[in-house]
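Since every read-out is calculated from the coordinates, none of them should be taken as a lab result. All figures in this text were calculated on a predicted structure; none of them were measured in a lab. Here Cβ is always computed from backbone atoms with ideal geometry, including for glycine, and neighbour counts include all displayed protein chains.
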Amino acid sequence: MVYVRLEKEWTDGDGVGHSSGDMIDVDAATLAKLQAAGVVGGENPDWPGATGGGSRDTTNWPGAT
C-alpha cells in the first residue's frame, strides 16, 4: 500500500467518495490507474506518491504503509 494525496475528487471501488487533497492508502495497481487518470499527481517530490525526480528528502512525509 502507498499513502498518496488526491489531486481531484475520486470514488473508490467500494463507492466511498474522497475529496481533492485527501490522503489515502492505495495499492500499486490502483495508484497506476489514478496517476494515468490525473487523480494523483507525480511531479511534486515533497508528498508521498511522487514519482518524478527532485528531492529525495523523505522527512516530511509518512512513507508507504
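For the peptides 24-31, 13-20, the ranking by mean Cβ contacts within 10 Å, running from highest to lowest, is 24-31, 13-20. Rounded to the nearest Hz, the phi-derived 3J(HN,Hα) couplings of region 17-26 under the Karplus curve 6.51 cos²θ - 1.76 cosθ + 1.60 (θ = phi - 60°) are x, 10, 8, 4, x, 5, 9, 9, 9, 9, where x marks glycine and proline.
At full extension, Val16 and Ala28 could sit 2.4 nm farther apart than now, given 0.36 nm per residue minus the alpha carbon distance.
Annotation: amide H of Lys8 within the under-5 Å range of Gly21, sequence separation 5 or more or interchain, hydrogens built in the peptide plane. The charge dipole of region 1-41, taken about the Cα centre with unit charges on the Cβ atoms of Lys, Arg (+1) and Asp, Glu (-1), comes to about 160 debye, rounded to the nearest 20.
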